[in-house]
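What follows is one structure encoded as structure tokens, with my remarks underneath.
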Amino acid sequence: MYGVRSDSGAVFCRFVPILKSEAGCPIMKAELFFFTKSVLKEAMSMRLLQEPVTIKNVTLKNRLVMPPMATEKADRGAVTAATLAWYDEKSRGGFIGLVETEHCYVSPEGQASPCQLSISRDSDVEGLSRLVRTVHANGSPLVAQLNHAGSLAKEEVTGLPAYGASAVTNPRRGTRAPVALDAAGLDKIVRDFAAAARRAKEAGFDGVELHSAHGYLLDQFYSPLTNRRGDEYGISPENRVRLHGRVIAAVREAVGDDYLVALRLGAGDYMPGGATAEDGARAAAFFERCGVDMISLSGGMCGYMVPGLDGEGYFSRLSAAVKEKVSVPVLLTGGVVTGAGAEKLLREGKADLIGVGRAILKDSGWARRVMGEER
Ligand SMILES: Cc1cc2nc3c(=O)[nH]c(=O)nc-3n(C[C@H](O)[C@H](O)[C@H](O)COP(=O)(O)O)c2cc1C
């Protein structure tokens, strides 16, 4: 099928074999189709990517999500003019169904980098509410990503020891072995996530996402590579998500029932002895039972990319496995650079929402072009 677009519509041409010549070559018939602009528009507007969806208290006008991307623009954790300008530019026009913030640290010892955003203090709420107003004014809902870096926290930044599930080196960055969290430490993690979620709600965010991917603390509990605990938080798949269950319950208590709570799961480690797609599906089903409203899929100890794994939706094996086990919406991110690629993943049932990160990072007009012009 070949097509040409014009101001009034588009012409498509299809070649159909009707006869064979004596020499055995097919003789083709050309069929021409003309679609008016309004017919084309309707076809376009039926695209799954354009379909609105409501998740808990949040209505997304389409299925495109800007996933968390650390901007490193904060000043001692606080929102700066540069932070606001960046989110303003990315969300301008309201073409993105859901915007997510970069990972915000929930406690001082959970800070990953010097210019990371903080949600660890009540005094952060004012700056964060300015960030919310900026993105809302552009017409998109905004979710705050909550994170504790665990063994990926830098002692030279925090001035505090790095904590982790077990005293083992983090395979993602080969850091010094962290201090294994004790019972009091676990209680503090739960309280810190809950307090951060309460602040997110106070600041006006539409929801929160708990970060359990890319080798950070909750992922360190989930992954068998970093969780060697001999207590009820370690070794078995059930034990490795026990802390998540406590965090989800405490966050829910802090924000109430009618508030979006998502979880980003680094479902697969892509390393020998690491977490697999099957682990991810089982964990996701548990998170749903705990009351999570959306599961966002990414990689674990491998980070958000895996050498040799490419193409649009390179984590779709993980998301497809999760989708079989949960009924809450599943967000898939990784490698998507075209609207057609996003649409294909939705049509194939690999996910309900598609995250587009680096394409938007490089080109702030990406969403306008893909979601806007073709409407
Ligand atoms: C500069 C940069 C910063 C990122 N920061 C975060 C982050 O704070 N939290 C997170 O969960 N993922 C983070 N990611 C991963 C993205 O959310 C996304 O999963 C990744 O870029 C793959 O999607 P893409 O191929 O559409 O870019 C970051 C990615 C980039 C490129």
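Any read-out appearing in this document is the output of simple, stated calculations on the displayed coordinates, not a laboratory observation. Small disclaimer: the values here were computed from a predicted structure and weren't measured. Neighbour counts are summed over all protein chains in view; Cβ atoms, including those assigned to glycine, are modelled from backbone coordinates with ideal geometry.
Worth pointing out:
- Within segment 271-304, backbone nitrogen closer than 20 Å to the virtual label 7 Å beyond the Cα of SER327 toward Cβ: 281-296
- MRE, 222 nm, helices only [DSSP H, n ≥ 4, -39500 (n - 2.57), over the chain, to nearest 500]: -9500 deg cm²/dmol
- For the chain, the relative contact order is 14 percent, taking Cα pairs closer than 8 Å that sit 6 or more residues apart in sequence and dividing their mean separation by the residue count.
- Förster-model FRET efficiency, 56 Å R0, GLU202 and GLU51, C-beta, rounded to 0.05: 0.95
- Label-point separation in nm, ALA340 to THR169, each point 7 Å along Cα→Cβ: 4.5
- Extension gain, ASP75 to ARG191, is 39.3 nm, computed as 0.36 nm per intervening residue step minus the present C-alpha separation.
- Put in line by how crowded their Cβ is, counting other Cβ atoms within 10 Å and starting with the fewest, SER212, SER140 read SER140, SER212.
- Virtual spin-label span in nm between ARG133 and ALA249, 7 Å along Cα→Cβ: 3.9
- Rounded FRET efficiency, nearest 0.05, which uses the C-beta distance separating GLU126 from ARG369 and R0 of 30 Å: 0.30
- A viscosity of 1.002 mPa s and a temperature of 20 °C, combined with the Kirkwood radius over Cα pairs in Stokes-Einstein, give a translational diffusion coefficient for the chain of 99 µm²/s.
- Extreme residue, positive dipole direction of segment 129-245, given options SER236, PRO141, ALA194 (C-beta unit charges): PRO141
- Global form of segment 263-352, assessed from the alpha-carbon gyration tensor, a/c cut-off 1.5: oblate
- Put the Cα centre of segment 134-168 next to the Cα centre of segment 318-372 and the gap is 24 Å.
- Relative exposure of ARG282, ARG369, ARG63, judged by other C-beta atoms within 10 Å (fewest first): ARG369, ARG282, ARG63
- Fewest-first ordering of CYS104, CYS115 by other beta carbons within 10 Å of each residue's beta carbon gives CYS115, CYS104.
- Each residue, MET271 and ASP182, gets one label point 7 Å from its Cα in the Cβ direction; the gap between the two is 2.8 nm.
- Shape category assigned to segment 171-224 from the gyration tensor of Cα positions, a/c cut at 1.5: oblate
- Rounded to 0.05, the FRET efficiency of the VAL157 and GLU348 pair, given R0 = 35 Å and the Cβ-Cβ distance, is 0.25.
- Anisotropy class of segment 87-177 from Cα gyration tensor, a/c 1.5 cut: prolate
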